[in-house]
Amino acid sequence: MSAEILKYGMVGGGPGAFIGEVHRTAARFDGKNILTAGSFSRDYQKTLKTGKDLGIDENRLYKNYTEMAEKESELADGIDFVSVVTPNHTHFEVAEAFLSQGISVVCDKPVTTSSQEASKLKQLAEKNDAEFCVTYTYSGYPMVKEAKELVEKGEIGDIRVIMGEYPQEWLAEPTEEENKQASWRIDPNQAGISNCIGDIGSHIEHTVSYISGLEISKLSANLDTFVAGRELDDNGEVMIKYENGATGMYWASQVAVGNDNGLKVRIFGSKGSLEWSQENPNYLYFSKLGEATKILSRGHGYLGNEAQKSNRIPPGHPEGYFEAFANIYANFSAALLEKKKKGKIEEQDFDYPTITEGLRGVKFIEKCVASSQQGASWVDFE
Ligand SMILES: NC(=O)c1ccc[n+]([C@@H]2O[C@H](COP(=O)([O-])OP(=O)(O)OC[C@H]3O[C@@H](n4cnc5c(N)ncnc54)[C@H](O)[C@@H]3O)[C@@H](O)[C@H]2O)c1
């Protein structure tokens, strides 16, 4: 196999799963990653079926992730990294098993169900010289990268106000009995301490942080559960104070009838503002004080470097979720390939979310829950 190709394994992503197939599609987009091993389900028969459908050698299909981590680390041509696409409560133990063998990890968000666990994974990755990517999808979109670059260039001045929202309607009724994805998200034993803020509030937190570069100083959160019988939140509002004095408001909801995946971020500065929506992701609204609003379009030569680099097809042909995910994999694979060649990389040279962002995201969820439990009191972020 060419030195320019990486081999990877997957834990989770069995029959009927959602994000596993998105990861597989994204990982193969640029021809840099080949899926060579898997433990796709806790049920070995399902792992065998998925593995066979994907054309994976049966010797590389494992009964569980522990066996996979051990056996793959012993092989001369073992996997370069593993993608963890299981429900939240398993992320820590699965990632720990691979990191312990020095195998790099891609893990979906939230990276763990406690910040203590996320800290442990960060330390373990550093100790064993492994890389760690957390797939915060929206930072992979070219027009989100453009927004980040415009902020960095000072085009909107000092940031004053941020509005982030992620409304969905899919849990407006108690559908969890029939819906596999809903069933574990509303269960504290599998989702962790939050459902809605953990699942989609975490996307607002990361997207805002990626574009603005601002650090949260304190927050006040109000989480509610509107559908009877649920233990965890299905709607939440969070007020934020950032370290630079800016203020923000995030709203995440799974009971917002009429909305699919309405992530929208608006950032207002002293000289201008930006607006990006994930359901219209190829465009970025850019306003300068006193001027008409411009609609920047993906794929054009007038955009900055990062948006140009992550662009794939001409403007007007829509790019979306798969391409954004593929951009994260492309940057992570580039980092691992460079490390193979040079023995060492500087993480900040590669544009993908790491365990540092993953840890911050879990802390955000914990702070929101703590604040809400104290009657939406302000809590320091630290
Ligand atoms: N980045 C994003 O935009 C995004 C979107 C959706 C989901 N997610 C995250 O991805 C993860 C999975 O979510 P989903 O919606 O795909 O869930 P899902 O229920 O559709 O799939 C989970 C899969 O994991 C398998 N599994 C569970 N335990 C396992 C184990 N011990 N070993 C092997 N396989 C196991 C299940 O059989 C299933 O195939 C969650 O952490 C979720 O928060 C992220």
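Here, each number is a calculation from the coordinates, and none is a lab measurement. Please read all numbers here as calculations on a predicted model, not as lab measurements. Because the Cβ atoms are built from the backbone with ideal geometry, glycine has one as well, and the counts that use them run over all protein chains shown.
How would you rank LEU284, LEU124, going from fewest to most other Cβ atoms within 10 Å of each one's own Cβ?
Details: LEU284 25, LEU124 19.
So the residues, fewest neighbours to most, are LEU124, LEU284.
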Q) Using only helices, what value at 222 nm comes out for the chain when you add -39,500 (n - 2.57) per DSSP H run of length 4 or more and divide by the total residues, to the nearest 500 deg cm²/dmol? A) -10500 deg cm²/dmol
Q) Pick from HIS300, HIS203, HIS23: which residue has the top mean-square fluctuation in a GNM of the chain where Cα pairs under 10 Å get a spring? A) HIS300
(Q) Give the aspartates and glutamates reachable from LYS52 as a straight Cα distance under 16 Å; neighbours fewer than 8 places away on the same chain don't count. (A) GLU21, ASP43
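State whether segment 132-220 is rounded, prolate or oblate according to the following rule on the C-alpha gyration tensor (a ≥ b ≥ c being the square roots of its eigenvalues): a/c under 1.5 gives rounded; otherwise a/b larger than b/c gives prolate, and the remaining case gives oblate.
Numbers: a/c = 2.48, a/b = 2.22, b/c = 1.12.
Prolate, since a/c reaches 1.5 and a/b exceeds b/c.
Peptides 49-58, 112-121, 302-311, 138-147: what's the order by average Cβ count within 10 Å, highest mean first? Each step should come with its number before you reach the end.
Numbers: 49-58: 14.3, 112-121: 20.0, 302-311: 17.7, 138-147: 26.1.
So the order, starting with the most tightly packed, is 138-147, 112-121, 302-311, 49-58.
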**Q.** Karplus (6.51, -1.76, 1.60) ³J(HN,Hα), θ = phi - 60°, over segment 106-114, in Hz, Gly and Pro reported as x
**A.** 10, 9, 6, 8, x, 5, 8, 9, 8
(Q) Can you classify segment 2-125 as rounded, prolate or oblate using the Cα gyration tensor, where a ≥ b ≥ c are the square roots of its eigenvalues, rounded means a/c under 1.5, and otherwise it's prolate if a/b beats b/c and oblate if not? (A) rounded
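Stretched out fully, how many nm does the piece from ASP158 to SER217 gain, at 0.36 nm a residue minus the Cα gap?
19.6 nm
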Q: Classify segment 174-221 as rounded, prolate or oblate from the Cα gyration tensor: take a ≥ b ≥ c as the square roots of its eigenvalues, call it rounded if a/c is under 1.5, otherwise prolate when a/b beats b/c and oblate if not.
A: prolate
Q | Estimated inter-spin distance, ILE34 and LYS63, nm [label 7 Å along Cα→Cβ] | A | 2.8
Q: Report P(r) for segment 293-382: all Cα-Cα distances, bin width 5 Å, range 0 to the bin holding the largest distance, values in whole percent.
A: 2, 11, 14, 14, 13, 12, 13, 12, 7, 2, 0
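For the chain, give the share of DSSP beta bridges that are antiparallel, in percent and rounded to the nearest 5; count only bridges with both residues there. Walk me through the numbers on the way to the answer.
Values: 37 of 63 bridges.
Roughly 60 percent of the DSSP beta bridges within the chain come out antiparallel.
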**Q.** Among ILE103, ILE313, ILE267, residue whose mean-square fluctuation peaks in a GNM of the chain (springs only between Cα atoms under 10 Å)
**A.** ILE313
Q. In straight Cα distance, which lysines are under 19 Å from LYS342, not counting same-chain residues fewer than 8 positions off?
A. LYS7, LYS32, LYS127
